[in-house]
1. Are any of the residues in the range 35-46 modelled with pLDDT of 95 or more, of a type in the set (S, T, Y) and open to solvent by 40 Å² or more (accessible area, probe 1.4 Å)?
2. Could we say that E96 is of a type in the set (D, E), without any contact (Cβ under 8 Å) to a residue 60 or more places away in the chain, open to solvent by 40 Å² or more (accessible area, probe 1.4 Å) and in a loop (DSSP other than H, G, I, E, B) here?
3. When you scan the range 320-334, do you find a residue that is within 27 Å of R275 (Cα to Cα), without any contact (Cβ under 8 Å) to a residue 12 or more places away in the chain and either surrounded by 14 or more Cβ atoms within 10 Å (Cβ to Cβ) or of a type in the set (K, R) (or both), even just one?
4. Kindly establish whether I86 is under 34 Å from the mean Cα position of the chain (by Cα) and surrounded by fewer than 17 Cβ atoms within 10 Å (Cβ to Cβ).
5. Would you mention how many residues in the range 297-319 are open to solvent by 10 Å² or more (accessible area, probe 1.4 Å) and closer than 30 Å to S430 by Cβ?
6. If we scan the range 295-302, do we find a residue that is touching a Gly at 6+ places or on another chain (Cβ under 6 Å) and either at pLDDT below 95 or not small (G, A, S) (or both)?
7. Show me the strands (runs of 3 or more DSSP E) found entirely inside the range 238-343 where at least 2 residues are closer than 30 Å to Q18 by Cα.
8. Mind listing whichever residues of the range 351-382 are farther than 18 Å from F240 by Cβ, in contact (Cβ under 8 Å) with a residue 60 or more places away in the chain and not in a strand (DSSP E or B)?
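The values are calculated or read from the model by the stated rules, or taken from the named source; none is laboratory data. From a predicted model like this one, the values you see are computed outputs, not experimental measurements. Here Cβ is always computed from backbone atoms with ideal geometry, including for glycine, and neighbour counts include all displayed protein chains. Protein only, heavy atoms only, side chains kept; ligands, DNA and RNA dropped before computing areas. Shrake-Rupley method; radii C 1.70, N 1.55, O 1.52, S 1.80 Å.
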Amino acid sequence: MGKYDSFFKLAKEAGIEQAELYLAESRSLSISLFHGEIDNYSDNNGYTILARGMINGKFGAASCDVWNKEKAQYLVKEIVNNAGVIENEDPMFIFEGSEKYKKVNTYNPELGKVSIETKIEKLHELETKLRAFDKRIVEVASVEYEESESKITLINTKGLKLAQRSNFYAYIGQVVAREGQQTKSGYDYYFDNDFSKLDIDKLAAKIGKDTVDQLGGEPCNTANYKAVLAPSVVKSLLSFLVGHCDAEEVQKQSSLFIGKLGQKVLSKKITIEDRPLERNVFARWFDDEGVATYNKAIFKNGVLQTYLYNLTTAAKDGVKSTGNGYRAGGKMGTSSTYCVLKPGKKSQEELFKEVGEGVYITDVSGLHAGMNPQSGNFSLQSTGYLIKNGKRDRPLDIITVGGNLLQLFNDVLEVGSDLESSPNGVAAPSLLIKNIAVSGK
């Protein structure tokens, strides 16, 4: 008898016609140093069970964080109770499974074999190298190690049983640099699930250089400029852009892309893909509803190819799910898995050369406050550099960039080759923008 058979037996006895268990097992390790001493060490295991079921045509849901016979009874009782009071008219489904799955396994068991001592030793090495990088670095604010491992299992009464494991680690450093009366901070990270690829020297040098290079900055003149946006900036903006492709947002009339399928809405230089089957730490071969995932273009040469659907939103539009159903808390939402803005062939230096005279924006802050989700208008505090004679020049400080999200992605003249990924599953290169408003002095 399987571990969870008691739940399905009790569900059937209670009159639940269809039932599902979604099991999320996780382990997270977090270690940080401050001035050579460990100031945080946590090693936690998590276990979440989300149950759904249909009774008398109504869906109910329940959750718990341990498993035993009593919890199985509790879940069944809560499903029955919730189904009686929830008045959501949206169609809900227990999925019978896709015709075909393309399994991708990127779980690396070797990561768990690396000793804690080795992981801490690398933290000390990172802190030492950051402190020694430049005499203007006056503080190593933190160095951190994060490791995560998860297993997702989906079982239902239609015979579906799917499981996938994943893991990754990250090293993060943050420093403070000072010159005269000016103080700047900077941070960066490296993540992967292959520990042998870690290069502490490279990470320390990037964090140190990016921070001290900001010193001596001052505002530029307020004007419209040709601009190069760094990959970190593009990744932040890309998350907002693709969020408008969520079919639920379209159905709620709150998307910028209502009625735009098949239309050119961005620069022809822009192709954005969802790549859940890419062999990296983000790989998922089924979504949280059990639908097979597949690589797909969301935008191709600026043309909107598809919205992102789960089973419920797909049923509303009379189409198939795109395999993008993911849970946010207890709600089934929609998300890209690994969202990639397809890189071009030109280096960042070549983009600077094409700009001639302009700005290079390396960081934006206050996105959630400074971005209007309905209109796409934004005004964001920023840092960066002037571009003079086709090369990066002096640093910029206390500037604000403003514009409109759709207009900005329409104004892309070139896409760089310097693709960078972030831990939230978004990857992008630098972009050359025809025009951006900068407020300075």
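1. The answer is yes, given that some residue of the range 35-46 is modelled with pLDDT of 95 or more, of a type in the set (S, T, Y) and open to solvent by 40 Å² or more (accessible area, probe 1.4 Å).
2. Details: of a type in the set (D, E): yes; without any contact (Cβ under 8 Å) to a residue 60 or more places away in the chain: no; open to solvent by 40 Å² or more (accessible area, probe 1.4 Å): yes; in a loop (DSSP other than H, G, I, E, B): yes.
Judged against the criteria, E96 is not a match.
3. Within the range 320-334, the subset within 27 Å of R275 (Cα to Cα) is 320-334.
Restricting the remaining residues to those that are without any contact (Cβ under 8 Å) to a residue 12 or more places away in the chain gives 320, 328-329, 331.
Subset that is either surrounded by 14 or more Cβ atoms within 10 Å (Cβ to Cβ) or of a type in the set (K, R) (or both): 320, 331.
There is at least one residue in the range 320-334 that is within 27 Å of R275 (Cα to Cα), without any contact (Cβ under 8 Å) to a residue 12 or more places away in the chain and either surrounded by 14 or more Cβ atoms within 10 Å (Cβ to Cβ) or of a type in the set (K, R) (or both).
4. Numbers: under 34 Å from the mean Cα position of the chain (by Cα): yes; surrounded by fewer than 17 Cβ atoms within 10 Å (Cβ to Cβ): yes.
Yes; evaluated as a whole, the condition is true for this residue.
5. Just the residues of the range 297-319 that are open to solvent by 10 Å² or more (accessible area, probe 1.4 Å), to begin with: 297, 300-301, 303, 305-307, 309, 311-312, 315-319.
Remaining after also requiring closer than 30 Å to S430 by Cβ: 297, 300-301, 303, 305-307.
Selection size over the range 297-319: 7.
6. Kept after step one, since they are touching a Gly at 6+ places or on another chain (Cβ under 6 Å), are these residues of the range 295-302: none.
No: the range 295-302 contains no residue that is touching a Gly at 6+ places or on another chain (Cβ under 6 Å) and either at pLDDT below 95 or not small (G, A, S) (or both).
7. 325-328, 331-334
8. Scanning the range 351-382 gives L351, F352, E354, V355, G356, E357.
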